[in-house]
1. Using a cut-off of under 14 Å, list every residue of the range 77-106 whose amide N is near the label point 7 Å from the Cα of residue 114 along the Cα-to-beta-carbon line.
2. Separation between the residue 95 and residue 82 pseudo-spin-labels, each 7 Å from Cα along Cα→Cβ, expressed in nm?
3. Going by how many other beta carbons lie within 10 Å of each one, how would you line up 90, 22, fewest first?
4. Does the range 15-151 come out rounded, prolate or oblate, given a ≥ b ≥ c as the square roots of the eigenvalues of its C-alpha gyration tensor, rounded meaning a/c under 1.5 and, failing that, prolate meaning a/b above b/c?
5. Decide, for the range 25-105, between rounded, prolate and oblate: order the square roots of the alpha carbon gyration tensor eigenvalues as a ≥ b ≥ c, take rounded if a/c falls under 1.5, and otherwise choose prolate if a/b is larger than b/c, else oblate.
């Protein structure tokens, strides 16, 4: 049943795309301009300056795309390895992991007694427990599928 009091959230979900665009535009415009400005002081051939600027734009585009792809791919691999470790810990070290959840809640001002029932409920749901630990213990968000290709 839908909650009748729930309001629509207007939060943007395009932060990573905006970040990629800003970095790409800053790098993509600054370097060719600096190269062209530098060459114009040293070379009299306008055609050579334009050709060098266009070559730098092409090379820069490839480098930025490859860099974005590799960074996103590395983020996804890091997330997967940390998630696997966390999945093992909730099975092999459940008491220690429950203590960590309690400490996370304490950092928000809740006592161990306040959070005890939530800790027990969370530990009864291994997937949710690992999701919680990834987010609040490690500060990692699940990478979006296809992020590496979109970053390229």
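1. Output list for this probe position: 102-106.
2. 2.8
3. Ascending number of Cβ neighbours within 10 Å: 22, 90.
4. It is prolate, given that a/c is not under 1.5 and a/b is the larger ratio.
5. In terms of gyration-tensor shape, prolate.
Readers should treat all values here as calculations from the given coordinates under stated rules, not as data from a laboratory. As the structure is a computational prediction, the values presented were derived from the model and not from experiment. Here Cβ is always computed from backbone atoms with ideal geometry, including for glycine, and neighbour counts include all displayed protein chains.
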